[in-house]
Amino acid sequence: MKSSAAPLLLAVLLLGLPLGAHLWMSLGDRLMSPAITHIARGDRALAEGRYTEAIIAYGRAQRIEPKSSAADLGLTRARVHAVADDVTRLRDQPEDELRHDTSFLLERDPRSTAASHVALGHLAARRGDPAAAKSHYDRALQSDAASPLAQTALGNTYLDEKDGAAKASSAFEAALKSRPGHVGALLGLARIALAKGDAEQAVRHLNAALAARDDYTAHLLLGNLKIRQKNLTDGLAHLERAVKLEPQSAEALRSLGQALLAADRSADAERPLRAAVQISDDLEAATALGFSLSRQRKQAAALDVFMQVLARAPESPLALFGAGVAFEELGKRDEAANAYKKLLGLKAPPGRETPGLEQVQEDAKQRLAALEGASEQSVGPPPPP
């Protein structure tokens, strides 16, 4: 803008008024350009970590002035910072384009060095190269010791290390010191609290994250936590929002389907569970889908799903139990008894917990006893997965 305004100012000084008045008006039009206003808004949003708003602002400036180098640079910065801030954005960003953007910024924009290395670290992590990812995160922190993006990325790396929770917590706290309300750091602290069994602290961190941003991960974590606390109404609301924000997330769809099963809404659960299975071929979602069908008395369809799960995981306790129930309801008593017997023969691997195994074995024992005529005890519907 300086290069275009300077000749106008010089002309006004040389020519004077009133001829210069027309040039003053031209200069005013340039200074009040909508593109410049959008760029300024983008700069503010970028500095405050509101990356989606920054992308929108720079994009509008670019539409007004397609050749604006300031709008192009701002849009590139915002895209890279957005990926560095939220790794889930990698799904929406072609890898080649992201590599081009980070290379461009590393050459020309020192202020974006930390964000560029964090984004490259996320790419390395997605490729399954944690060493390269951590190297980029370390370089990001070296370039900017106060970068909340670098601190948060390193914190998440520490979470994957044995006994790394303390280092992770320190990194997340450092990120929050640099930028209070940083969503990624709050999510990291929430995960640490959940691992410790401190639900109250986890809820505080997750609510703080949602106060800062309508975040998919925060809704997913909080929704699952509320379901475990038997707060089905709030849990379902958060999981439904997570699915709305990320419609192709198999994890969110599976969690929503399981929560609907827990709320005795089997017919409603079928749709998200089917979607989860189609997206990721998720055995846990498939097992839950089988129970959804079984509870709707669609036993043949349920049995087909359970048998598909058992073909890949022959010792799945829930799939064995579900298959036994489906066989039983279809009048195939011998097949049902065989499924229950196989389930009763399972043992938890040494040193490894198998949640719910004892309960589902107890249910199978009662059903087997009823089948064999050893007991006339009434057997209820299958438990939720």
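Rundown of residues vs (1) in a helix (DSSP H, G or I); (2) out of contact with any helix residue (DSSP H, G or I) (no Cβ under 8 Å at 6 or more places or on another chain); (3) over 30 Å from Glu161 (Cα atoms); (4) at pLDDT 95 or above, yes/no style:
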| position | (1), (2), (3), (4) |
| --- | --- |
| Thr88 | yes, no, no, no |
| Glu97 | yes, yes, yes, no |
| Ser116 | yes, no, no, yes |
| Ala119 | yes, no, no, yes |
| His122 | yes, no, no, yes |
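Can you pull out the residues in the range 47-86 that are surrounded by fewer than 20 Cβ atoms within 10 Å (Cβ to Cβ), touching a residue at least 24 places away in the same chain (Cβ under 8 Å) and of a type in the set (A, V, I, L, M, F, W, C)?
Within the range 47-86, Ile64, Ala70, Leu73 qualify.
Which residue pairs have Cβ atoms under 6 Å apart, sit 6 or more places apart or on different chains, and have a first residue in the range 191-205 that is assigned by TED's automatic domain parsing to the domain that holds Glu173 and part of a helix (DSSP H, G or I) and a second that is surrounded by fewer than 14 Cβ atoms within 10 Å (Cβ to Cβ) and among the aliphatic types (A, V, I, L, M)?
Partner pairs satisfying both residue conditions: none exist.
Only one of these is loosely packed, with under 14 Cβ neighbours inside 10 Å and within 25 Å of Asp215 (Cα to Cα): Arg191, Arg179, Arg108, Arg126. Name it.
Arg126
Under the condition of being hydroxyl-bearing (Ser, Thr, Tyr) and within 17 Å of the chain's Cα centre (by Cα), which residue from the range 151-172 is modelled with the lowest pLDDT?
Among those residues, the one meeting the criterion is Thr157.
Which residue pairs have Cβ atoms closer than 7 Å, lie 6 or more positions apart in sequence or on different chains, and pair a first residue in the range 298-314 that is modelled with pLDDT of 95 or more with a second residue that is not in a helix (DSSP H, G or I)?
Gln299/Leu330; Ala300/Leu330; Leu303/Leu330; Val309/Ser316; Leu310/Ser316
Before we move on, is Glu270 farther than 27 Å from Ser249 by Cα, in contact with a helix residue (DSSP H, G or I) (Cβ under 8 Å, 6 or more places away or on another chain), surrounded by fewer than 24 Cβ atoms within 10 Å (Cβ to Cβ) and of a type in the set (Asp, Glu)?
In short, no.
Any idea which of Ala276, Ala319, Ala323 is modelled with pLDDT of 95 or more and more than 16 Å from Val360 (Cβ to Cβ)?
Every option except Ala276 fails the conditions.
Restricting to the range 328-349, name every residue that is of a type outside the set (D, E, K, R) and surrounded by fewer than 23 Cβ atoms within 10 Å (Cβ to Cβ).
Leu330, Gly331, Ala336, Ala337, Asn338, Leu344, Gly345, Leu346, Ala348, Pro349
The values are calculated or read from the model by the stated rules, or taken from the named source; none is laboratory data. Being a predicted model, the structure only gives us computed values, none of them experimental. So basically every Cβ, Gly included, is an ideal-geometry build from the backbone, and we count neighbours across all protein chains shown.
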